[in-house]
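Where a number appears in this text, it was derived from the coordinates with a stated rule and is not lab data. Being a predicted model, the structure only gives us computed values, none of them experimental. Cβ atoms come from the backbone with ideal geometry, glycine included; neighbour counts cover every protein chain shown.
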Amino acid sequence: MEKKDVVIVGGGPAGLAAAVELYKKGIRNILILEREHHLGGILRQCIHDGFGLSRFQTTLSGPEYAGRFMKEVMDCQIPFQTDTTVLDISSNKLVTAVSRDGLVQYEAKAVILAMGCRERTRGALGIPGERPAGVFTAGVAQAYMNLYNRMPAKEVVILGSGDIGMIMARRLTLEGAHVQAVFEVQPIPSGLPRNIEQCLNDYGIPLYLNHTITKIHGSSRLTGVTVSQVDSSLKPIPGTEKEYACDTLILSVGLIPENELSIDAGVTLDPRTKGAVVDEHFQTNVEGIFAAGNVLHVHDLVDFVSMEAEKLADSAASYVSNGTLPDCPIEITTDSRIGHTIPQKVSGAQDFQLSLRVRSLIKNCRIVVRQNGQEIASKRMKKALPAEMIQLTVKADSILSLDKLEVNVE
Amino acid sequence: MIREFTCIICPNGCEIQAEIHDNVLVSMTGHTCPKGEAYVKQELTDPRRNIATSVLVKGGELPLASVRLTSPIPKDQIFAAMEIIKSISLTAPVQAGTILLKNILGYDSDVIVTKTVNAAYDVAPATL
């Protein structure tokens, strides 16, 4: 059994950024394990541009963005193993993986969870109807088109206004498919405003809010869908049904952190994020197991994934060197208008960045962090959208006790 | 006339209200950086967009190499640019950063490869 300082599970943007940053902090006995044949994760199929504005101050396509980190991994000769699937992580940081060489085990001082997320599927939505071919999640359609050179559609309907769905609306249109409409069950879009503009409006693709698909038709291949309006409790309104003939339904209905391995390791998950509960060091409840990126909470921008993983790596490097990290006994609670925060616990001994999402659109508000009623940090928002992650910095010298921090919208 | 814009330059997606007379910008609110003003002026006179797509690769470990334009071109030229890019085919290996076509349709914009595709025979072994 090989001993490693750090085993990184996943070679996507979070894993790559963590590896490079660990290396820079002097931690060299690292191994990245990646189940695909290539490093880069989902960015390999995200060929559109718009990545990198925060991290690199320039706009890049997904493959180029991943390529920058991959080049650093190569230049630093950071060890990685592709075509290798991690099967188990134990709470004492024994990592079991399988590759073409067979079963391998690593004993790690620290494990970094960087497995990313999965798409929510038709099964999770429970849309009634037949089960024909032609119903794809947006990411699957994207892989067909951008990785395997397969055109999956001619007449398309999209359910869900997630960013990948809108990006696929444009991509399918550019390749000659006809995208009839995007339907969103919620009263507000779930993706970024810029994607509504440049992926839908630019190509005359209508977006219908408060609508959902209530039936799927077709025996071998999809022949059409029934669309209904929904009421304020998101229930379909009888009598509003409309039929759309199509051969393909693309689903862009949410992403779920991929935490099966984390659960095996004894990591406590937060039901709100479906990712781990972490402290300001991105350490989970299991000492020496860290998580960052989409496995922790779904991000809208890869730049923030990389930057979060880099912060994680700074803490993980310090953990490997010192064998411990400061305790984080201060809990962070939220009011009902905030969906969740990352981290959920802090030490109070160092400045930290709070990431959060609101549950619904709130105009002209302030996000306020209080301890014992005393305001210790705030951010003014002209418009707070669930689609946009909000970040603010909390200074250590403003935290005066170990009492909980309350985050409110005011 | 007041026209609304959603700035697409960065993920903030500022919602801009612009007062426009005879297609000339008089005043605007809602933008949070100078790029917003430049975007609205560009939208009024010559709206431009970037596009990303792929080209075929023969003998590669992948069938496609992704490409993009180095700068945006007029919006109404996007499908014409797609046709031109579609006619390009490459032989592996292909290096990210390679310029495939300079000044597409006469604009100051090049078609650039964004993904390295190795030849099928020199695929790296599973362990490095």
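Remarks
- Dipole magnitude for chain A: computed about the Cα centre from +1 point charges on Lys and Arg Cβ and -1 point charges on Asp and Glu Cβ, it is near 640 debye.
- Using the Karplus relation 6.51 cos²θ - 1.76 cosθ + 1.60 with θ = phi - 60°, the per-residue 3J(HN,Hα) values for region A:71-82 come to 4, 5, 4, 5, 4, 7, 6, 6, x, 9, 9, 8 Hz, with x marking Gly and Pro.
- Out of every Cα-Cα pair that chain B contains, those further apart than 26 angstrom amount to 42 percent.
- Taking other residues whose beta carbon is less than 14 angstrom from the beta carbon of A:GLU388, and scoring Lys, Arg as +1 and Asp, Glu as -1, yields +3.
- Residues whose amide H comes within less than 5 Å of that of A:ALA292, counting only those at least five positions distant or on another chain, are A:LEU113 (H built at 1.01 Å from N in the peptide plane).
- Pairs of Cα atoms in the protein assembly as shown fall into 20 Å distance bins, from 0 up to the last occupied one, in shares of 20, 53, 26, 1 percent.
- Taken over region A:14-166, lysine pairs spaced eight or more positions apart, or on distinct chains, with alpha carbons under 30 Å apart number 9.
- For region B:52-122: rounded, prolate or oblate by the Cα gyration tensor [a/c cutoff 1.5]: prolate
- Principal-axis analysis of the Cα atoms of chain B puts helix B:34-45 at an angle of about 90° to the longest axis.
- Inter-chain Cβ neighbour count for B:9-16, averaged per residue, equals 6 (cutoff 10 Å, partner chain atoms only).
- Gyration tensor (alpha-carbon) shape descriptor, region A:11-138, a/c threshold 1.5: oblate
- Taking every alpha-carbon pair under 8 Å whose residues sit at least 6 apart, chain A reaches a relative contact order of 15 percent.
- Within 10 Å of each Cβ in A:348-361, the average number of Cβ atoms from other chains: 0
- Point-charge dipole on Cβ atoms (K/R +1, D/E -1) for region A:327-410, about Cα centre, debye to 20: 560 debye
- Isotropic mean projected area of the C-alpha convex hull, region A:344-410 (nm²): 4.2 nm²
- Among A:HIS217, A:HIS299, A:HIS48, B:HIS21, sorting on how many other beta-carbon atoms sit within 10 Å of each Cβ, with the fewest leading, yields B:HIS21, A:HIS217, A:HIS299, A:HIS48.
- Radius of gyration, Dmax [region A:271-394; alpha carbons; angstrom]: 14.5, 46
- Each residue in A:CYS246, A:CYS365 was given a count of other beta-carbon atoms within 10 angstrom of its own, and listing them fewest first yields A:CYS365, A:CYS246.
- Entry note, chain B: the mean residue ellipticity at 222 nm calculated from DSSP H runs of n ≥ 4, each adding -39500 (n - 2.57), is -5000 deg cm²/dmol after division by the residues and rounding to the nearest 500.
- Solution diffusion estimate, µm²/s, Stokes-Einstein, region A:23-96, Kirkwood Rh from C-alpha pairs, 4 °C, viscosity 1.567 mPa s: 92 µm²/s
- Here the sum of -39500 (n - 2.57) over DSSP H runs of 4 or more residues, divided by the residues of chain A, equals -5500 deg cm²/dmol at 222 nm, to the nearest 500.
- Normalising by residue count, region A:121-253 has a Cα convex hull of 95 Å³ per residue.
- Legend: mean number of C-beta atoms from other chains within 10 angstrom of residue C-beta atoms, peptide B:59-67, equals 4.
- Residues whose amide H lies under 5 Å from that of A:ALA181, counting only those 5 or more places away or on a different chain, are A:ILE158; hydrogens are built 1.01 Å from N in the peptide plane.
- Summarised as an ellipsoid, region B:2-45 has semi-axes of 17, 10, 8 Å, derived from the eigenvalues of the Cα gyration tensor scaled by 5 and square-rooted, with the largest first.
- Within the protein assembly as shown, percent of DSSP bridges classed antiparallel, to nearest 5: 65 percent
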